[in-house]
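Engineer: Sending over a structure as structure tokens; questions will come in a sec.
Values quoted throughout were computed directly from the atomic coordinates according to the rules given, and no laboratory measurement underlies them. Since the model is a prediction, treat every value here as computed from it, not as a measurement. Because the Cβ atoms are built from the backbone with ideal geometry, glycine has one as well, and the counts that use them run over all protein chains shown.
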Amino acid sequence: MNMLKGRVGLIMLGTALLILPFVLGMAGTAWVRITNFAVLYVLLSLGLNIVVGYAGLLDLGYIAFFAVGAYVYALLASPHFGIHLPFWIILPIGAFVACIAGMVLGAPTLRLRGDYLAIVTLGFGEIVRIFMNNLSNPINITNGPKGVNLIDPFHIGPINFAKTDTFAGLDVSGPIKYYYFLLVVLMVVIVINRRLQDSRIGRAWVAIREDEMAAKAAGINTRNIKLLAFAMGASFGGISGGMFAAIQGFVSPESFILNESIMVLAMVVLGGMGNIWGVVAGAIVLAFVPEVLRYTVEPAQMALFGRTLVEPEVLRMLIFGSALVLTMRFRPAGFWPETRHKREFIEPAEK
Amino acid sequence: MAQALIEALNLEIHYGGIAAVKGISFVVEKGEMVCMIGANGAGKTSTLKALARMVDCSGEIHYAGERIEKVPGHTLIRKGLALVPEGRGIFARLTITENLAMGAYHRNDKLEIEADIERVFGMLPRLKEREHQVAGTLSGGEQQMLAIGRALMGRPTLLLLDEPSMGLSPIMVDKIFEVVRDVAARGVTILLVEQNARLALDICSRGYVMESGKITLADTSDVLLADPRVRAAYLGE
């Protein structure tokens, strides 16, 4: 009975996700694009969740891996170097390069935890961004602050992701194609995440998060397991970055500022560290709320007061910030916490 | 003829420029129960951490006929060397059962692991009553029992115990030491680090006294208990 209910729910959710872009498309292609970026944020959050949620390593420079993936894609599929590789070759390369970057960050920080680790990762994120900004001299690799333009969209056979095609009388625009592609990637990433969580590796991450010395004494190779968390999280970031570059058609260093790292971390924490569905929910809410506010703040003021009292941009961030503070005040463990993280807040240790 | 299970030769530990342990040598023989007593900061915990390869040291450590001063710490449980860290180091947000299972992380024999969990519960019935409870909600004494139980899940031949009495009420301390004695009776060799000198010397056959990074006395418990220096410094007489 319960399984049947679950299955019906799943089919309904699946159908909703399948027709979603067409419904949103009626309100404007912009909303499909916003949805695509929301899914990218979900992918990023799931990647960061491995590092922060599972292994308990506070990473404030996660966007650097997204940047690495995006630049790998941009440089291998644009007129900048005149290289035009297909996406299914570049995405794995991007993941691999990001994975290496993850280990480069992980190796020297193995002994650090908490605030110290946060500071180092923050520095790492900035280093990557500044590199992208300055690697235009003496050899022009990244094209500096101007960024890389005219990045190739995805191509699958005759289907070009930048153009609108008509299938069976249905107009399928570029963003809608990316939406479906992202949806497939998202499902794969969720399955991988779930597998990881229930695996031996997942248990080792939990142990390290709880007490590193005890984990080591229990026979866990804490060094390798921590490096693995960094590497896996970074790979997911790299893949998301590649898709970001293709969807956007343009990358520049300013897409990868510290604010973005903090945003992704906020999604993980707000949603519920360690719980896949919580993280998904957190990312979707935080990606959509600012956009919804963007379109509603001004009309709402006009309707209420007849004129714009507060700058929409200011008010938008004010509402957004207050919403974050209130959520953390009333749901400190996030919307949908992992049971183990929840225990920290709900059952304080009694001595 | 008893044989040495673990032996340290000229063990030195430095934290930055500070020498915490200044070239000590000692031995624990198979089946023995030995304690290391001394005041705060004498280097006892550092010594134990070095044996478990949690901190770097110089000198030699021989364990079961093998040099281990350079091997990675996480491999030692496979060799039968288990550490119960100072301050217990339980996984506070995992349940009792999950904590115990984590102690068998390096093992793959699922059925045997389950049997061992039951065996540990048999030794520590207080834990059995709370098996699905989160470890962080246990009392200090119960957490200590859990830490010992988790170490036993690795089926150790040598158990390194770091201050199991720390922060516990006298009644609880007695219970913990009963458990320790029980473990020893099952053939596990024990090296116990304690500030509570009387208790430690009462249950151990031999003891080492550490003072500012050096071993100053080494003898059987009876001799140490009668030694005026020990009586004055550690037994409060």
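Engineer: What does the charge dipole of the range B:4-234 about its Cα centre add up to, to the nearest 20 debye, if the Cβ of each Lys and Arg holds +1 and the Cβ of each Asp and Glu holds -1?
Structural biologist: On the way: 27 positive and 29 negative charges, 56 e Å.
Roughly 280 debye, rounded to the nearest 20.
Engineer: Moving on to the next point. With +1 on the Cβ of every Lys and Arg and -1 on the Cβ of every Asp and Glu, and nothing else charged, how large is the dipole of the range A:20-258 about its Cα centre, in debye rounded to the nearest 20?
Structural biologist: Approximately 420 debye in magnitude.
Engineer: Now a separate question. Would you mind telling me which residue in A:Phe96, A:Phe66, A:Phe131 has the biggest mean-square fluctuation in a Gaussian network model of chain A, where springs connect alpha carbons within a distance under 10 angstrom?
Structural biologist: Sorting by GNM fluctuation, first place goes to A:Phe131.
Engineer: A further question follows. From the residues B:Thr189, B:His62, B:Tyr234, which one has its Cα farthest along the dipole of chain B in the positive direction, the dipole being from +1 and -1 charges on Cβ of Lys/Arg and Asp/Glu about the Cα centre?
Structural biologist: After comparing all options, I get B:His62.
Engineer: Which one of A:Gly238, A:Val52, A:Phe131 is farthest out on the positive end of the charge dipole of the range A:20-258, using unit charges on Cβ (Lys, Arg +1; Asp, Glu -1) and the Cα centre as origin?
Structural biologist: It is A:Val52, whose Cα lies furthest towards the positive end.
Engineer: Here is a further query. Could you work out how far the C-alpha centroid of the range A:117-179 sits from that of the range B:64-123, in angstrom?
Structural biologist: 47
Engineer: How far, in nm, would the chain grow between A:Arg294 and A:Val325 when pulled straight, counting 0.36 nm per residue and subtracting the alpha carbon separation?
Structural biologist: Numbers: separation 31, 0.36 × 31 = 11.16 nm, distance 1.94 nm.
Going from the current span to full extension adds 9.2 nm.
Engineer: Still on this structure: At 0.36 nm per residue, minus the direct Cα-Cα distance, what do A:Val8 and A:Leu112 gain on full extension? Give it in nm, one decimal, please.
Structural biologist: Difference between extended and current length: 32.8 nm.
Engineer: Cross-link candidates for B:Lys49: which lysines have Cα within less than 22 Å, leaving aside residues fewer than 8 places away along the same chain?
Structural biologist: A:Lys216, A:Lys226, B:Lys22, B:Lys30, B:Lys70, B:Lys79, B:Lys214
Engineer: Per residue of A:197-203, what is the mean number of Cβ atoms on other protein chains within 10 angstrom of that residue's Cβ?
Structural biologist: Averaged over the peptide's residues, the number is 1.
Engineer: Against the empirical 2.2 N^0.38 Å scaling, what ratio does the C-alpha Rg of the range A:20-258 come to?
Structural biologist: Dividing the Cα Rg of the range A:20-258 by 2.2 N^0.38 Å gives 1.07.
Engineer: While we're on this one: Rounded to the nearest 5, what % of DSSP beta bridges with both residues in the protein assembly as shown are antiparallel?
Structural biologist: The antiparallel fraction comes to roughly 60 percent.
Engineer: How well do other chains shield peptide B:96-108, expressed as the mean number of their Cβ atoms within 10 Å of each residue Cβ?
Structural biologist: 3
Engineer: Once the convex hull of the C-alpha atoms of the protein assembly as shown is built, how many Å³ does it hold per residue, rounded to a whole number? Provide the component values of the computation, followed by the final result.
Structural biologist: Details: hull volume 125.7 nm³, N = 588.
Enclosed volume per residue, from the Cα hull, is 214 Å³.
Engineer: Okay, helix-only estimate at 222 nm for chain A: each DSSP H run of n ≥ 4 adds -39500 (n - 2.57), divide by all residues, round to 500 deg cm²/dmol; what do you get?
Structural biologist: When only DSSP H runs of four or more count, the value is -23500 deg cm²/dmol.
Engineer: Where is the GNM fluctuation largest for chain B (alpha-carbon springs, 10 angstrom cutoff): B:Ala226, B:Ala64, B:Ala200?
Structural biologist: B:Ala226
Engineer: Report for the range B:4-234 the percent antiparallel among DSSP-assigned beta bridges with both residues inside it, nearest 5.
Structural biologist: Numbers: 23 of 42 bridges.
Looking only at bridges with both residues in the range B:4-234, the antiparallel portion is about 55 percent.
Engineer: Something else about it: Putting +1 on Lys and Arg Cβ atoms and -1 on Asp and Glu Cβ atoms, find which of B:Leu225, B:Tyr15, B:Ala4 reaches farthest to the positive end of the dipole of the range B:4-234.
Structural biologist: Most positive-ward Cα: B:Tyr15.
Engineer: Still on this structure: Quick one: Karplus J couplings for the range A:156-168, per residue in order, coefficients 6.51, -1.76, 1.60, θ = phi - 60°, nearest Hz, x for Gly and Pro?
Structural biologist: Along the range A:156-168, the couplings run 10, x, x, 7, 9, 6, 9, 10, 8, 10, 10, 10, 6 Hz.
Engineer: Let me ask something else about it. What residue among B:Lys79, B:Lys128, B:Lys110 shows peak mean-square fluctuation when chain B is described by a Gaussian network model with Cα springs under 10 Å?
Structural biologist: B:Lys110
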